[in-house]
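Asker: Pasting in a structure now, in structure tokens, and then I'll have a few things to ask.
Just so it is clear, none of the values below were taken in a lab; they were calculated from the coordinates. Remember, predicted model here, so these are calculated numbers, not experimental data. Cβ: placed from backbone, ideal geometry, glycine included. Neighbour counts: every protein chain shown.
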Amino acid sequence: MNLVYFLQTGEGWKGKELLVPLRLSKKRLRNRMETKIINDPIWGPIELHPLCIRIIDTPQFQRLRSIKQLGGCSFVYPGACHTRFEHSIGTSYLAKRLGQELQKKIAAEQSDELEITDEEILCLEVAGLCHDLGHGPFSHLFDLQFFKKAKPGETWEHEDASIKMIQGIFEIIQQDYVNDEEIKFIKDLVKQTDETCTEKRETKPFLYEIIANDLNKIDVDKWDYFSRDCHMLGLHHNFQCERSIKVARLVKHNGKYHISFPKSEYFNLFDMFYTRFTLHRRAYQHSVTKAVEMMIADAFLNADERLMFRPNQTEQWCLSETVKDMRAYLWVTDDILNQIRTLNPDGNDKIKKAQEIVDRIYRRDFYKVIGEKRVKWRDESKSLPKNCLQKWMEEKLTTEKDLFEIQEVVFHYGSGKTNPMNNVKLHRNIKEVPEKEKETEPCNGDKGKKSKTCKRVQRAVMTNDEEP
């Protein structure tokens, strides 16, 4: 049963208080900081810890509502409009699930040397929630395409911004769920740096294999976005992460405990890596996706110096400089594309150019692929120079030199040319020391063809001319 409450939202109207009805449940009124259950289209009902609720209700996290998960992919797949917001919640949920499953198995085995505490599971949950806070407009487009061109020679990754965002959140929210050392651990789970280093890296390395697994690339971040992206793109996949969570356990290897899977899980995990390959080939690096993202990056570059963001009344940063101040970066979202359309050119040719590019994007007048070459793995060791292609284009094409760009597209299973399953620890029983699979299945990059390599390199030439 709901109650109707009247809240004053203004100074009144015609001398009388203006009252607006707001419906709140009794439970919500009784304790606003109890756990909350939300319904996720991928994982169903998800219960959120009170600390996670507080984090979600901050400007830093709400910003993720305006950052598309797949960048320019929505211009190819109309359904690909999901955001970093829901992906982060899904990753948090899976991190908690895997942590609790491992905790349950440790308790069942009554191990004296192993322990996963409830506090550590909460840290995993928060790290999963916050791991993508630092993403810029259109996700990877901002750091991989725009920033590298705007600031050549400078090194910046979105994880750096995530760490700063996490610090900013814990400075403004009131909570007593995690202490300073645990906040440091949360940051370390997102990105390992000298400043965030904790003793858990040595004593419990398996905790670092849950959110972002550098050991073999099997982690809950990928489990969520593979499932979520396939769902929103309308693509099918065979990988079952629920099964992997159920069968995962900790096994000692070289004196340290790591997450291991039974050998019967081999093909399910291999399907995960094949899903990665498929998503990159059919969506993430689709030729139209790459063309759109090139156009967005070009628009950002042309408008960079005129897009100003103010963290306060005295300071302001242009788009490429906002990474230095998280108060300004807070306002850097996908909405920038529409902000460019509202700028006053005032005789500025770069602004006019940026606006023309944005108009072309919404008219679906994209850059065109005018040439393509598949590079075999043995050729990559020679590093086919781009100037060879440029020379060829200058001789064969009538297009002016500044009207084309070479894009390198790489498809692999997550570990370059090697089989990613080589790095996965597998066991036959719970007490066995895990070992690498001695006979690995060949990667099947093309349907019906067995390949000796798990990687494909392809270079495409795109033109920004309206009529190539």
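Asker: Segment 270-328 to segment 37-105: how many Å between their Cα centroids?
Answerer: If you average the Cα positions of each part, the centres end up 20 Å apart.
Asker: Something else now. Could you tell me which of the pairs 191/425; 222/324; 105/425 are separated by over 25 angstrom between their Cα atoms in the structure shown?
Answerer: Beyond 25 Å between Cα atoms: 222/324.
Asker: Please report the projected area of segment 62-101's Cα convex hull averaged over all directions, in nm².
Answerer: Approximately 3.3 nm², given one-decimal rounding.
Asker: Counting only residues 5 or more places away or on other chains, whose amide H sits under 5 Å from the amide H of residue 307 once H atoms are built in the peptide plane?
Answerer: It is 319, by chain and number.
Asker: If you don't mind, there's one more thing I want to ask. Rank-order 343-349, 54-60, 189-195 by packing density, defined as the average count of other C-beta atoms within 10 Å over each peptide's residues, highest first.
Answerer: The peptides rank, most packed first, as 54-60, 189-195, 343-349.
Asker: I'd like the Karplus ³J(HN,Hα) series for segment 286-292: coefficients 6.51, -1.76, 1.60, θ = phi - 60°, whole numbers in Hz, and an x wherever there's a Gly or Pro.
Answerer: Values per residue, Gly and Pro as x: 4, 4, 6, 4, 5, 5, 4 Hz.
Asker: Please list, in chain and number order, the residues 5+ apart from residue 427 or on another chain whose amide H is under 5 Å from its amide H, with Hs placed from the backbone.
Answerer: Sorted by chain and number, the residues that satisfy this are 261, 263.
Asker: Ranking 206, 142 by Cβ neighbours within 10 Å, fewest first, what do you get?
Answerer: In order of increasing Cβ crowding within 10 Å: 206, 142.
Asker: For residue 83, list long-range residues whose amide hydrogen, built 1.01 Å from N in the peptide plane, is under 5 Å from its own amide hydrogen.
Answerer: Amide H neighbours of residue 83: 69.
Asker: Right, next: Net charge near residue 202, counting Lys/Arg +1 and Asp/Glu -1 over other residues with Cβ under 13 Å of its Cβ?
Answerer: With Lys, Arg at +1 and Asp, Glu at -1, the neighbours total +2.
Asker: Rounded if a/c is under 1.5, else prolate if a/b beats b/c, else oblate: with a ≥ b ≥ c from the C-alpha gyration tensor eigenvalues square-rooted, which is segment 92-188?
Answerer: Prolate shape, in that a/c is at least 1.5 and a/b is the bigger ratio.
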